[in-house]
1. Where both partners of a DSSP beta bridge lie in the chain, what percent of those bridges are antiparallel, to the nearest 5?
2. Please give me the summed charge of the neighbours of GLU49: other residues whose Cβ is under 11 Å from its Cβ, Lys and Arg +1, Asp and Glu -1.
3. Could you tell me the relative contact order of segment 26-162? Use alpha-carbon pairs under 8 Å, at least six residues apart, and round to a whole percent.
4. Please report how far the C-alpha centroid of segment 287-318 lies from that of segment 234-267, rounded to the nearest whole angstrom.
5. Enumerate by residue number the trypsin sites (Lys or Arg not before Pro) in segment 247-296 meeting two conditions: DSSP loop (anything except H, G, I, E, B), and at most 13 other Cβ atoms within 10 Å of the site's Cβ.
6. So which trypsin sites (Lys or Arg not before Pro) in segment 109-200 are both in a DSSP loop and have at most 14 other Cβ atoms within 10 Å of their Cβ?
7. With the Cα gyration tensor of the chain in hand, convert its eigenvalues to equivalent ellipsoid semi-axes via √(5λ) and list them largest first in whole Å.
8. Using label points projected 7 Å from each Cα along Cα→Cβ, tell me how many nm separate TYR157 and SER280, to one decimal.
Amino acid sequence: MEVRGMPETIPLVDLRAQYQPLREEILNAISDVLDSMELFLGKNVQGFEAEFAEYCGAQYAVGLGSGTEALHLALLACGIGPGDEVITVSHTFIATVEAICLTGATPVLVDIDPDTYTIDVSQIERKVTSNTKAIIPVHLYGQPADMDPILAIAEKYSLVVVEDACQAHGAEYKEKRTGCLGDVGCFSFYFSKNLGAYGEAGICVTNKPEIARHLRMLRDHGSEEKYYHSVMGVNARLDEIQAAILRVKLRRLDEWNEARRSNAHLYSELLRDSPVVTPSEVEYARHVYHLYVIRTSQRNKLQEYLRERGIATGIHYPVPIHLQTAWRRGNHQTEGLPITERYAREILSLPMYPELTPDSIEYVAGAIRDSVSEYAIVPLVAQAIDS
Ligand SMILES: Cc1ncc(COP(=O)(O)O)c(C=O)c1O
């Protein structure tokens, strides 16, 4: 469908647009790895670990096979296991909670803050028991969680803080980069992330040498010396080719995050006084808009309306973790989480990537405004939590 002079579709993300100007550099980087045949924890993994640690303001970084492995091994490296409880949110990608379950610990889920969509810090303390060992704040959509109150609770009860920064590369909390605010920070380089590999990859950053050492062992079958194994680990090593690609892309991350921010600001300006709720920016944080998520009373109708106009959208995420079959199968308990449950019905992710043009943003915002009369979309007041 050709739409008013616009390309046939505006995708949710456009990886080709990012790849084109980098093509030669990326292909050279891959070719160098293959020419050297240094394929196992070699100079690119080490180089990328040093560069990413420096980028985050952390002392150590340990390259891993995925963000899920980063979370799982970070918890193990912090000594979390069966009998322990870990507090986190239900409004996240399943991997946050999977990682807890993989250690044998019990996830304890709390609701989200209605403005930032990150963990509601006022609900954490009443969930702390004698078994609580850790908190995982998730910097969802690129919006940092409010870390100071979380760190204060952690200190009071001697808890570990593992940041799920899988959607927040380069985001800042009070001018410090996410990932190095707690004990260990976990990142995913899934291809669509702000910093994405061309395959699977992840990393942990930390300022604690003992955690870094433990992570290095765990990712390589619990060994520091080949065929001598001190603990039971896994194979979760970062791949040399992915590391070489990530080194090229890391150099553009700040520029890409700036472009995402200015795209988000244009969306928010064009959608001001419209019936949808736009993301909030809080004074303590620098949001990096991995996703630009609006809320609307008629989410499914709006999604269909935009699809008919060639605009792709997403829902991150349609079913909260505590309502997933996997949660019920695990016999996990939780009380109702009203904001999480309500927002799962209202959220809609609009196209967001650095190369998105102002014309496309205007087209998307215009279509959302047009949808109001067509679908009788009623205004949603940001603070009205009434269902
Ligand atoms: C919030 C969050 N946590 C964890 C993960 C897991 O990362 P990966 O897909 O690299 O395993 C992701 C990414 O998909 C994520 O968005």
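1. 65 percent
2. With Lys, Arg at +1 and Asp, Glu at -1, the neighbours total +1.
3. Numbers: 176 pairs, mean separation 26.0, N = 137.
Reported relative contact order: 19 percent.
4. Between the Cα centre of segment 287-318 and that of segment 234-267, the gap is 23 Å.
5. On the way: sites: ARG247, LYS249, ARG251, ARG252, ARG260, ARG261, ARG272, ARG286, ARG295; in loops: ARG251, ARG252, ARG272.
Counting only loop positions with at most 13 other Cβ atoms within 10 Å, the trypsin sites (Lys or Arg not before Pro) in segment 247-296 are ARG251, ARG272.
6. LYS174
7. On the way: eigenvalues 235, 155, 56 Å².
Over the Cα atoms of the chain, the ellipsoid semi-axes are 34, 28, 17 Å.
8. Going from the TYR157 label point to the SER280 one covers 2.5 nm.
Every read-out reported here was derived from the displayed coordinates using simple, explicitly stated rules and does not represent laboratory data. Quick caveat, the model's predicted, so the values are computed rather than measured. FYI the Cβ positions are ideal-geometry reconstructions off the backbone, even for glycines, and counts take in every protein chain you see.
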